[in-house]
Amino acid sequence: MKDRLKQSGLTRSLKTWVAIVPLCVSSLSLADTPPPPSVTNDQLTLKRVMSDPDWMGRSPEASFWSLDNSSVYYSQKALGHSHQEYSLIKLSSAGEAQGKPQLLDESAALTIAAQKASLNSSKSQGVFEFEGDIYLINIDTGNIEALTADEERQSKPRFSASDRISFLQGYKVFHYDLNRRLGTQVAEFKTENDPETDTGKSYLEQSQPRLLKYIEKTEAEKKFQQKRREANNTSANKTWFLGADKRIRTFRLSPDGGWVILGLVDNGLEGKSDHMPEFVTSDGYVNDRKVRPLVGSSKPTNETFYAFDLLTQEKHEIDLAKLPGINDDPLEDLKRNAAKKIGYKFKALDKPRSVYAYNWMVNGGVEWTSDSKKAAILLFSYDNKDRWLVGFDVNKKSLKTLDWMSDEAWINDWTFNQFGWLPDNQTLYFLSEKDGYSHLYVKKGRKRATQLTEGDYEVSDVTISDDGKFAYFKANKKHPGIYEIYRVSTKGGKVEALTNLNGVNDYVLSPDETSLLITHSTTTKMPELFVKKVGVEGAPQKLTDTMSNAFKSVSWQAPQIVAIPSRHIDRPIYSRFYKAQNNSKVGDNGKKPAVIFVHGAGYLQNSHQGWSGYFREYMFHNLLTRQGYVVLDMDYRASKGYGRDWRTAIYRQMGTPELEDLVDGADWLSKNAGVDPERIGVYGGSYGGFMTFMALFKEPDVFAAGAALRPVTDWAHYNHGYTSNILNTPEVDPEAYERSSPIEFAEGLRKPLLIAHGMVDDNVFFKDSVRLVQRLIELEKTPYFETAIYPVEPHGFKQPSSWLDEYTRIYQLFERYLN
């Protein structure tokens, strides 16, 4: 054992690691480890870095325009609290801020909600929902009138005619006559059996009226009263009974309030829920929470669609049988091989594949034309291989495939699925990765779709001008890490850049379409608001300055965005590179230690030129560089922002391409940054924790130590929506899970490892770490690892004390084993 430890460099702290009891909260034995740095010349400390982020400043969020274009609203985290508060900035005609932002109190909540009203065709009135009631606003006067005021909750109001609005109350549809100030229910949809046709009564239920006259009379009276209500009903309300065994998944009312597109799925599709105990509770007893099922354990979601004509009270089933490729099984070979491996009888597909509507959008995957004559529905196959954009014509009662995209890996259902209609009610616009990157397309009638943007960049956040002539969008056109705002004619032509700010920019087009409200950030500056006139040269007007003086006083290092060559593909790996600020850790060989940070989510971009969501890690990396470390933060293959091929490189092999990229990063550091190849550490959370395991288990000669935070250890225990995209399901593709799960490679551990996990993590369950720890114990790996558990923390930590404890352990791990 000692010889093996000596080879790995652990004998200098053998007593430290042997003394650790796995799965306890005991700290590393740190008697000979220097404490984390306390104070530097500009007051950067680990405690400060991990404290409540209020000290940094509170950036504007969720910004939007007032309806009259005269003001900008935005929210901020309330000082010392977790809730949001709103501020208002009044603008001059030139777009300049008139005075300081005005903090709004609760009395302004109704006015704030009114700014998001749905307008009538003349834009003279708007209707909106606030706390479950419907209100009408006069745009010219700003006067607000309540249209409903009751205990029921109404939602989704909009003008369905010049003098009428429609809204929902659960799955009830109402029309409201503005002239008569009268609301009328026109339809209700119930997931119940129709009492008139229900033949599913038990023998006991059938016997009661036969044997007891009282029951017979009561039932007869109920039927009589129901018929009288129907005969006297002037509202033309229709109750639709959809079946007690069904659940409504898609529900979209047409603009004129006359049609509903509805999607139904069977009840009871979800697999067995897992359990998560909460040990720290207010009553002192352990609370057992039910949490999500595991990947592949639920039954396929197969959605059946209907179009309901509320005027004629007719129901039309939308037939999906002619969807191209619907009867093909792209997983047949994998299923056949899995049947042999696992030992079950293979059964070929004998019916159309399961399909469901895209439900990550506000409108539930359905977009109507403004004249309510057509609806576009975005459909996905349950096996993640196909996406269809289909159109339903209410006159013809027919379905037509408008666009079909198939991917041998998986369709990107996480983003780039925006679609809608131009104002002409004939032309569909949509985003698609069909050429390898997310680009904007338009399609009219039977014509082939026209691609409006092209190139090695990603298009997102599309806004169509009111006249339908322009499409505004965000894209990383000039560099993968720089996001600017652009527009292009919907007829095609040159893409016009509307900003040239560098960094990362988001936008909201003003209601009159003359200005952009821009949220701009850089690697060292948190998001702030700016206003810029569309098509006008010159710098934008800055509206906010929310970064604190305390944060500004720190000399933050701006990471360089470097393109690291890959030895595996003909594309670079974009990364954030932080130089060591001194030579305090230069070894006898003249080399420095380094830390590689691995971002989470997999499909996330962190090596962009804007402010990072990993702001604590950004500050921690600055602190490390002041201690003499070099830091690298890589957008490995699987990351967002680099196109379809970069995203799907991990299909059926999670942890392989990414690890190749991390190893290339380590090699680049040793050849280009003066880094000692024997002193490179790695750490990350969630997906980054998963990759830390893969790095230490599969490449122990490259990485000297690592910290895996809230890590996935076995993909068969993660959720369905994310995992089945990349690895299919365990019953279909067991080999993909085995080659992708760290627990399968735990025997390779021979370098120091810290495992840190919150016990109430309902994303990556705490049991992931528990199972791996048991595996490591059985493999007699106790000298190489320790654990830190956090009893009250979910996936994203909440308590500053937990953040500090976790990152103190990470820092001390690197101090001991990278020095």
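The values are calculated or read from the model by the stated rules, or taken from the named source; none is laboratory data. The model shown is predicted, which means the values in this text are computed figures rather than measured ones. A quick note on method: Cβ atoms are made from the backbone with ideal geometry, for glycine too, and the neighbour counts reach across all protein chains shown. Accessible surface is based on the protein model in full, side chains and every heavy atom, while ligands, DNA and RNA are left aside. Shrake-Rupley method; radii C 1.70, N 1.55, O 1.52, S 1.80 Å.
Each Lys and Arg contributes +1 and each Asp and Glu -1, all at the Cβ; summed about the Cα centre of the range 625-711, the dipole is approximately 380 debye. Counting only protein heavy atoms and a probe of 1.4 Å, the accessible surface of the range 101-260 is 47% carbon and sulfur. Atom-type composition of the exposed protein surface of the range 663-819 places 48 percent of the accessible area on carbon and sulfur (1.4 angstrom probe). Per residue, the range 407-540 exposes 41 Å² of accessible surface when a 1.4 Å probe is rolled over the protein heavy atoms with every protein chain present. Rg ratio for the chain: its Cα radius of gyration over 2.2 N^0.38 Å, N being its residue count, equals 1.06.
Based on the Cβ-Cβ distance from SER370 to SER273, what FRET efficiency comes out when R0 is 51 Å, to the nearest 0.05? It would help to have the intermediate numbers written out before the result.
Numbers: r = 42 Å, r/R0 = 0.83.
Efficiency at R0 = 51 Å is approximately 0.75.
Restricting the range 500-609 to GluC sites (Glu not before Pro) that sit in a DSSP loop and have at most 14 other Cβ atoms within 10 Å of their own Cβ leaves GLU537.
Approximating the spin labels as points 7 Å out from Cα along Cα→Cβ, the LYS90-to-THR281 distance works out to 5.4 nm.
At what distance in nm do the modelled label points of ASN69 and LYS213 sit from each other, each positioned 7 Å from its Cα along Cα→Cβ? Simple spin-label model gives 7.8 nm for this pair.
Averaged per residue, the range 54-176 has 51 square angstrom of accessible surface, using a 1.4 angstrom probe with ligands and nucleic acids left out.
Translational diffusion of the range 731-771, estimated by Stokes-Einstein from the Kirkwood radius over alpha carbon pairs at 25 °C in a medium of 0.890 mPa s, is 200 µm² per second. Here the accessible area is traced with a 1.4 Å probe on the protein chains. For the range 508-588, carbon and sulfur cover 47 percent of it. Counting only protein heavy atoms and a 1.4 Å probe, the range 600-729 has 20 square angstrom of accessible area per residue.
Measuring r between the beta carbons of SER51 and ASP266 and using R0 = 60 Å, the FRET efficiency lands at 0.75.
The mean sequence distance of close C-alpha pairs (under 8 Å, at least 6 residues apart), as a share of the length of the chain, puts its relative contact order at 11 percent. Computed from the alpha carbon positions, the gyration tensor of the range 581-620 leads to an equivalent ellipsoid with semi-axes of 28, 12, 8 Å, biggest first. Dipole magnitude for the range 390-512: computed about the Cα centre from +1 point charges on Lys and Arg Cβ and -1 point charges on Asp and Glu Cβ, it is near 680 debye.
A straight Cα-to-Cα reach below 18 Å connects LYS781 with the lysines LYS2, LYS6, LYS15, LYS698, LYS751, residues fewer than 8 places away in its own chain not being considered.
For a 29 Å ceiling on Cα separation, which of these pairs sit above it: LYS299/LYS322; LYS47/LYS474; LYS116/LYS299; LYS190/LYS272; LYS552/LYS671; LYS156/LYS227? Exceeds cut-off: LYS47/LYS474; LYS116/LYS299; LYS552/LYS671; LYS156/LYS227. With both residues required to sit in the chain, DSSP beta bridges show an antiparallel share near 80%. In this Cβ point-charge picture (+1 for Lys and Arg, -1 for Asp and Glu), the chain has a dipole of about 820 debye about its Cα centre. Of the residues LEU331, ALA307, ASN237, the one whose Cα sits farthest toward the positive end of the charge dipole of the chain, with +1 on the Cβ of Lys and Arg and -1 on the Cβ of Asp and Glu, is LEU331.
Here is the size of the range 126-257 from its Cα atoms: Rg then Dmax, 19.6, 68 Å. Of the residues THR544, GLN560, THR514, the one whose Cα sits farthest towards the positive end of the charge dipole of the range 512-577 is GLN560 (charges of +1 on Lys and Arg Cβ, -1 on Asp and Glu Cβ, taken about the Cα centre). Computed log10 I(q)/I(0) for the range 256-394 at 0.10, 0.11 Å⁻¹: -0.52, -0.61, from the Debye equation with unit scatterers placed on every C-alpha and solvent omitted.
Taking the Kirkwood radius as Rh and the Cα radius of gyration as Rg, the range 247-320 has a ratio of Rg/Rh equal to 1.26.
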